[in-house]
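The values are calculated or read from the model by the stated rules, or taken from the named source; none is laboratory data. What you are looking at is a predicted structure, and each value in this text was computed from that prediction instead of being measured. FYI the Cβ positions are ideal-geometry reconstructions off the backbone, even for glycines, and counts take in every protein chain you see. SASA here: full protein model, heavy atoms, side chains in, ligands and nucleic acids out. Shrake-Rupley method; radii C 1.70, N 1.55, O 1.52, S 1.80 Å.
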Amino acid sequence: QVQLQESGPGLVKPSETLSLTCTVSGGSINSHYWSWVRQPPGKGLEWIGHIYYSGSTFYNPSLKSRVTISVDASKRHFSLRLNSVNAADTAVYFCARLAVVGTFWFDPWGQGTLVTVSS
Amino acid sequence: QSALTQPASVSGSPGQSITISCTGTSSDIGGYNFVSWYQQHPDTAPKLIIYDVTNRPSGASNRFSGSKSGNTASLTISGLQTEDEADYYCSSFTSSTTLGVVFGGGTKLSVL
């Protein structure tokens, strides 16, 4: 079955750019929507954005000015860039597949990766 | 877009049933049958347990059930087991932005 795996630096300095990649295995990246969700330590889930395999993007308005999500179907991965980070961006970042055709839910999820913003 | 409202915590004894509520607006829960629920154990990823208000994915326990009335969705767990102790999050499609998603703040379930 489809499995997702996040990768990227675990420590980012304030004002710099957070970059993460999610690799898709066990299934096709085509014809699906792919999402990023984050969870600050001890807090709830926050939707960041989605990308369709063809490249169309949809972002949380509260993060839209700082977020870019991209996809490389040939490499079976999609990526997140969040610029001008600060301590409030410290979180576990999850990638997930979003089902949307007549339905709406996230499954499966990656295991998550902790990104700490600190100098 | 505002978060959906969930109780911070609920508790129950093994064998009992509990219900977790999730309140939104007509732009999300009340307007669409696209409510999902996720179970999250400590230091693990969320796991889908209910989708489209009432449906259980393959592999989810039949002790989980979902419902909706107006702007409030509910998750019921029957026959509580110790392994049900976890955080539970509701989520909904929202029309406030294109393909928008809103999550609840999460509910900590304690099985005493």
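Data overview
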read-out	value
For segment B:86-107 and segment A:82-106, distance of Cα centres in Å	11
Protection proxy ranking, peptides A:2-15, A:46-59, average beta carbon neighbours within 10 Å, highest first	A:46-59, A:2-15
Chain B, relative contact order [Cα under 8 Å, separation at least 6], %	37
Carbon + sulfur, % of accessible area of chain A - ligands and nucleic acids excluded, 1.4 Å	48
Isotropic mean projected area of the C-alpha convex hull, chain B (nm²)	6.5
Accessible surface of chain B, 1.4 Å probe, proportion on carbon and sulfur as whole %	44
Chain A, accessible area per residue, ligands and nucleic acids excluded (1.4 Å, Å²)	45
Reachable lysines, given that their alpha-carbon falls under 29 Å from the alpha-carbon of A:K64 and they are not under 8 places away in the same chain	A:K13, A:K43, A:K75, B:K47
Accessible area buried at the A-B interface, both sides summed, 1.4 Å probe (Å², nearest 100)	1800
Relative contact order computed over chain A (Cα-Cα under 8 Å; 6+ residues apart), in percent	35
Cα convex hull of segment A:1-93, projected area averaged across orientations, nm²	6.1
Amide H contacts of B:T94 (H built 1.01 Å from N, under 5 Å, at least 5 apart or other chain)	B:G100, B:V101, B:V102
Interface residues in segment B:39-71 - accessible area drops by 20 Å² or more relative to the isolated chain, probe 1.4 Å	B:Q40, B:A45, B:P46, B:L48, B:Y51, B:D52
Computed Kirkwood radius, in angstrom, where 1/r is averaged over Cα pairs of the protein assembly as shown	17.9
Mean-position separation - Cα centroids, segment B:49-84 and segment A:1-45, in angstrom	26
Shielded by partner chains, segment B:86-111 residues - at least 40 Å² of accessible area, 1.4 Å probe, vs chain alone	B:Y89, B:L99, B:V101, B:F103
Of the trypsin sites (Lys or Arg not before Pro) in segment A:1-79, those whose Cβ has at most 13 other Cβ within 10 Å and which sit in DSSP loop	A:K43
